[in-house]
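Following this message is one structure expressed as structure tokens.
The values are calculated or read from the model by the stated rules, or taken from the named source; none is laboratory data. As the structure is a computational prediction, the values presented were derived from the model and not from experiment. Quick reminder, even Gly has a Cβ in these numbers, built from the backbone with ideal geometry, and neighbours come from all protein chains shown. SASA here: full protein model, heavy atoms, side chains in, ligands and nucleic acids out. Shrake-Rupley method; radii C 1.70, N 1.55, O 1.52, S 1.80 Å.
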Amino acid sequence: MKRISRFVVFVATIVVVGCQSILPQRADISLAVSNDFAAPAQGDASSEVIPLDGRGNNAAHPEWGSVNQHLLRLSPVDYGDGISRPAGADRPSARAVSNTFSASPEDGILNDRDFTAFVYAWGQFLDHDIDLTGTAAPVEPLPVIVPSGDEWFDPNSTGAMTILFSRSQYDPATGTSKTNPREQVNVITAFVDGSQVYGVNAERAAALREFSGGRMKVSAGNLMPFNTAGFENANDAHRVDDSQLFLAGDVRANENPELMSLHVLFLREHNRIADETAHRHPDWTDEELYQYARRVVIAELQKITYEEFLPAILGENAMPAYSGYRADVNPGIATEFSTAAFRVGHSMLGDDIEFLDNDGEEIFEAMELRASFFNPTVLSETDIDPLLKYLASDNAQEIDPIVVDDVRNFLFGEPGQGGFDLASLNIQRGRDHGIADYNTVREAYGLGRITSFDQITSDKKIQASLAATYGNVDNIDLWIGGLSEDHLPNSSMGATFTAIIVDQFVRLRDGDRFWYQSSLPNRLVKEIQNTSLADIIRRNTELTKLQENVFFFNEETVMIDSSAQPTAEPQDKNGPGNGNNDHNGNGNGKGRHDPPQAAINACASLQANSSCSFTGRNGNPQSGTCQIPPGSSQLACVPVGGRP
């Protein structure tokens, strides 16, 4: 096997439309088993219910960040007619562009900063919290033209094949003139507010609750409940009946087993917090317990995103420090972000999913990624532990224009039988939304316009492909241009996508009145900041052997065995609690890559703690300090934020 990796109606209505006081002003509650924190003081934002639909977060602009808002447009509109006609009529078809830039080599290209599959999995879980744009009604087809003789989609060279594509939902009051161009809609809240877990409307939120002890419903195996009531749910692959799909806050929850495992994880975390709080405070009502657990889970999602996930892809210092809530900041989702920049995760996917035990050994046969889409039966057979261990142990693909075959040729089905090309869809979606060309977007985000292809990338092959495909630097599709850029030092992103992603996540944080660091008591904030994704996994699964930062893994990563070490102190990789581990530190020696020799060479004539730099595996610049990694006797250049 190759390894390429990769109601109560009254109660519910209060949740949606109000910011009423809900959290009891009494006693302490446990976040972790051994940690207490003070309940919030009366009158501050921590005593308000975070509205499900986002309305009222900003008092002066109650609609900002709420459901059914226009995607913001930070660069000039580029519709073909300036009103609504798709952009890019003078560019090659999206499938032709995909064939040029996104076809994957057989062995793939692993990322050069050792980040794990958890990066793309968390990215998708997070994306489903902050943006969702549906399909226009009535449907507006915009099929992707398949080049004649395409190996997968037109093997008989008919020249008549297309890939199905429909235009996005938009506000019907827009698209009437050049001063009122078509604007797409984000139908969920923009905030990092756990909407993928809890939903954005009263009916769905109520369907997910037990209305007893603050708990949320579960099914057999402590998994998500099934969608037996017929709520809206995506089921693109149609492997199972709609009633056999899980129900979560977001309609896309069943898309793949890795995503489902994170939904289950935070469902369990909610119920764990509710149960512990109910034990300590038997006088608290169901509503009080539910809202408290929800508030803590939201804070955990915010902390993990900003202090673990974003540094993994952007580097340690890309995000400016938080200085408090700003009522003048609109947190709304930008179309440049949702339609292009935050689709970088599609390039990180591997071609299979594996199932590992606590020691990192395979316990179920690996599954091709193409077979996993909308296949909830997997979780019933394996539970979430083997998936979470795999996500923490497998290195993701590099962030670049390349996309594995399982989503470039077999997304949701075989070519010609419902299959799609995810790269083509990303390119076509940018054109559908009238997003400006790469160079114009750079300028809109405060970056200088480039004048030659070699200013985008040092890769001669990509330079030549850009020139042959687009002709000039002012006509490049944003998704392709952003992914083609050389990465910034100690980062896995180029300058353009970094600017877009930083702008979006700064606004999501600074424009959120309920952001945990500004709305919760200091003692609780400290507890949240001391909680990692690894901690949450340990609390809610049988996994005990995990690295502290599950977003990074290499052969020197130290496993922390929480069963052997209650204090969670790191151990030598061959020490107590790791007796079954091999040189990879997790008992699984397959598919790993050695540290780059260039990192060792960079410190050959230097002393420990000296500054150093080298060119990474994929030609990306890295800088850091000379250190002796755990289990090694040699100095090596350890990039800032590039290694756990």
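Compute the relative contact order of the range 199-352 as a whole-number percentage, counting only Cα pairs closer than 8 Å that sit 6 or more residues apart in sequence. All intermediate terms of the calculation are to be shown ahead of the outcome.
Numbers: 126 pairs, mean separation 31.2, N = 154.
Reported as a whole number, the value is 20 percent.
Taking 7 Å along the Cα-to-C-beta vector as the label spot, tell me the residue 178-residue 151 distance in nanometres, rounded to one decimal.
Placing both labels 7 Å beyond Cα along the Cβ direction yields 4.4 nm.
Within the range 158-206, which trypsin sites (Lys or Arg not before Pro) sit in a loop by DSSP and count at most 12 neighbouring Cβ atoms inside 10 Å?
Those satisfying the criteria are 178.
What's the local net charge at residue 508, with K and R +1, D and E -1, over the other residues with C-beta under 14 Å away?
On the way: positive: 303, 326, 507, 509, 513; negative: 127, 129, 131, 193, 503, 510, 512.
So the surrounding residues net to -2.
Further, regarding this structure: How do 176, 377 rank by accessible surface area computed with a 1.4 Å probe, from largest to smallest?
Working: 176 95, 377 55 Å².
Largest to smallest exposure gives the sequence 176, 377.
Assuming 0.36 nm per residue, please report the length gained on full extension of the stretch residue 380 to residue 458 beyond their Cα-Cα distance.
That works out to 23.4 nm of additional length.
For the pairs 217/526; 303/389; 178/460, note any where the Cα-Cα span goes beyond 31 Å. Kindly include the intermediate steps, with their values, before the conclusion.
Values: 217/526 29 Å; 303/389 21 Å; 178/460 39 Å.
Over 31 Å Cα-Cα: 178/460.
Residue 74 versus residue 522, label points 7 Å from Cα toward the beta carbon: distance in nm?
About 3.3 nm separates the two model spin labels.
Still on this structure, please answer the following. Report relative contact order for the range 373-464 in percent, whole number only (criteria: Cα-Cα under 8 Å, sequence separation at least 6).
12 percent
In addition: How far, in nm, would the chain grow between residue 158 and residue 137 when pulled straight, counting 0.36 nm per residue and subtracting the alpha carbon separation?
Details: separation 21, 0.36 × 21 = 7.56 nm, distance 3.11 nm.
Additional length available on full extension: 4.5 nm.
Over the range 70-215, what is the relative contact order in whole percent, taking alpha-carbon pairs under 8 Å and six or more residues apart?
This gives 27 percent for the range 70-215.
If R₀ is 51 angstrom, what is the calculated FRET efficiency for the pair residue 231 and residue 634, using the beta carbon separation as r and rounding to 0.05?
With R0 = 51 Å, the Cβ-Cβ based efficiency is 0.35.
Still on this structure: Provide the FRET efficiency to the nearest 0.05 for the residue 244-residue 171 pair, computing r from the beta carbons and using R0 = 56 Å.
Computed FRET efficiency for residue 244 and residue 171 comes out at 0.95.
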